[in-house]
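S.K.: Next up is a structure, given as C-alpha cells.
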Amino acid sequence: MERREIRRSDIKGILEQMFLGRYHHTIDGKGRLTVPARYRDLLAAEGAYLTQGFDQNINVYPQLIFERISLRVNQLSMTDPNARILRRLMFSNAELVVLDRTGRILIPQFLREELNLNGEAVIVGMGDYFEIWSPVQWAGQATMMEENEPIAMRFMDLDLSTGE
C-alpha cells in the first residue's frame, strides 16, 4: 500500500475551503445579515441552509454539507424519540438561503425571534459550516472557552495529535 505524504499546499487548499474566524455584523430591519467576504465564495454557487443549532444559535451549512447531514439524520430510526426530536429541530427550522448581490442572507423572522437576534450578530467559523449568535449568547460561549482547566479536562480524551 502506497502512503501519500500530506503536503503543505494540500493543507493550505483545505484551509481555504473552511469557515474560520469570528466576525461582528449587524442585522438590518428586514432581517438581512451581511456574510463575511471570506465566506461568500464558499456559499455563492449553491446557497446555504440555515437551521437552529444546539446552543441557542443558528447553524449555516453549505448545501452539500447540509445534504450529507440530512442523509445521516434521515437514516436514524423513527422509533427513537431522540432521533425524532433531532429531525424536528433540524428540518422544521431549516431554510434555504441565497446570497443577494451585496453578500447578504435573509434570516427568517421566526429564527430571529426564537434566538433573540436583534440588530447585532456574531458570526463564528466552525470549519465546514458557520454559526450565527446573538452577542449575549456568544459572550456565554466565550466565557466557557476561556476556562482553561475545565476545557483541557473536557478534551483530554480526544486525539488531537498531528502525528501519523
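S.K.: Just to confirm a number: summing +1 for Lys and Arg and -1 for Asp and Glu over residues other than R22 whose beta-carbon lies under 12 angstrom from that of R22, what do you get?
M.R.: 0
S.K.: For the stretch 77-146, state what percent of all Cα-Cα pairs lands in each successive 10 Å bin, counting from 0 Å until the bin that includes the largest distance.
M.R.: Binned Cα distances yield the sequence 16, 39, 34, 11, 1.
S.K.: Remind me, relative contact order of the stretch 69-164 in percent, using alpha carbon pairs under 8 angstrom and six or more residues apart?
M.R.: Over the stretch 69-164, the number comes to 11 percent.
S.K.: Considering only protein heavy atoms, with the full assembly of protein chains and a 1.4 angstrom probe, order E46, E146, E131 by accessible area, largest first.
M.R.: From most accessible down to least: E146, E46, E131.
S.K.: If you average 1/r across every pair of different Cα atoms in the stretch 45-122 and take the reciprocal, what Kirkwood value do you get, in Å?
M.R.: 13.5 Å
S.K.: Rounded to two decimals, what is Rg over Rh for the stretch 13-151 when you use alpha-carbon atoms and the Kirkwood radius?
M.R.: Using Cα coordinates only, the ratio equals 0.97.
S.K.: Using amide H atoms built 1.01 Å from N in the peptide plane, name the residues 5+ places from D128, or on other chains, whose amide H lies under 5 Å from its own.
M.R.: It is F19, by chain and number.
S.K.: Roughly how many percent of the accessible protein surface of the stretch 79-161 is carbon and sulfur, given a 1.4 Å probe and a whole-percent answer?
M.R.: 54 percent
S.K.: When the gyration tensor of the stretch 23-73 is built from Cα positions, what are the square roots of 5 times its three eigenvalues, in whole Å, from largest to smallest?
M.R.: 21, 15, 9
S.K.: List the residues, sorted by chain then number, that are 5 or more residues from E46 or on another chain and whose placed amide H is less than 5 Å from its amide H.
M.R.: none
S.K.: Give me the accessible area per residue for the stretch 101-159, probe 1.4 Å, as a whole number in Å².
M.R.: Per-residue value: 63 Å².
The values are calculated or read from the model by the stated rules, or taken from the named source; none is laboratory data. All values reported here derive from a predicted model rather than from experimental measurement. Please note: Cβ atoms are built from the backbone with ideal geometry, for glycine as well, and neighbour counts cover all protein chains shown. Quick note on the areas: whole protein, heavy atoms, side chains included, nothing else; ligands and nucleic acids left out. Shrake-Rupley method; radii C 1.70, N 1.55, O 1.52, S 1.80 Å.
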